[in-house]
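S.K.: Got a structure for you, questions after.
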Amino acid sequence: MLLRKEYAWLPALDPRLPLPAPVPQRLGEPSERFPRPWIVTTWVPGTPADRAPATRAAEAADTLAAFLTSLHRPDPTVPSSSPKASPRPPNWD
């Protein structure tokens with residue numbers, strides 16, 4: 001279920017985020033060979049944060065804060081007047 005949500009949400013979130021995000025290319029269904037759903041995404045250029053020293057910690061903190069702020073912004077396509085409104089990505093089934 002989580003991979004299906006990621007597959008649906010990443011394309012909708014990507015334009016709103018200040019950092020690059022992986023773009024889903026394919027969502028695979030469980031089979032005999034692979035018993036769970038799977039996803040193929042593009043690579044994000046750069047060095048993974050866990051493998052690069054934080055030489056500019058303040059700048060990294062600001063970048064992370066901007067990313068998290070944009071990620072947690074309410075979806076403008078969902079009416080906020082309904083307490084039961086659940087935001088959905090544009091291609092959600």
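S.K.: Assign unit charges at the C-beta atoms only (+1 for Lys and Arg, -1 for Asp and Glu), then state the dipole size of segment 1-42 relative to its Cα centre in Debye, rounded to the nearest 20.
M.R.: Details: 6 positive and 4 negative charges, 9 e Å.
Computed about the Cα centre, the dipole is about 40 debye.
S.K.: Sticking with this one: ASP14 label point, 7 Å along Cα→Cβ, cut-off 12 Å on backbone N: hits in segment 31-46?
M.R.: 41-45
S.K.: Looking at segment 1-63, which chymotrypsin sites (Phe, Trp or Tyr not before Pro) are in a loop (DSSP not H, G, I, E or B) and have at most 13 other Cβ atoms within 10 Å?
M.R.: Sparse-neighbourhood loop chymotrypsin sites (Phe, Trp or Tyr not before Pro): TRP43.
S.K.: Pull up all non-local amide H partners of VAL23: gap of 5 or more, or a different chain, and H-to-H distance under 5 Å with H placed in the peptide plane.
M.R.: Sorted by chain and number, the residues that satisfy this are THR42.
Bear in mind these aren't lab numbers, they're just calculated from the coordinates by the rules spelled out. This one's a predicted model, so the numbers in the text were calculated from it and none came from an experiment. FYI the Cβ positions are ideal-geometry reconstructions off the backbone, even for glycines, and counts take in every protein chain you see.
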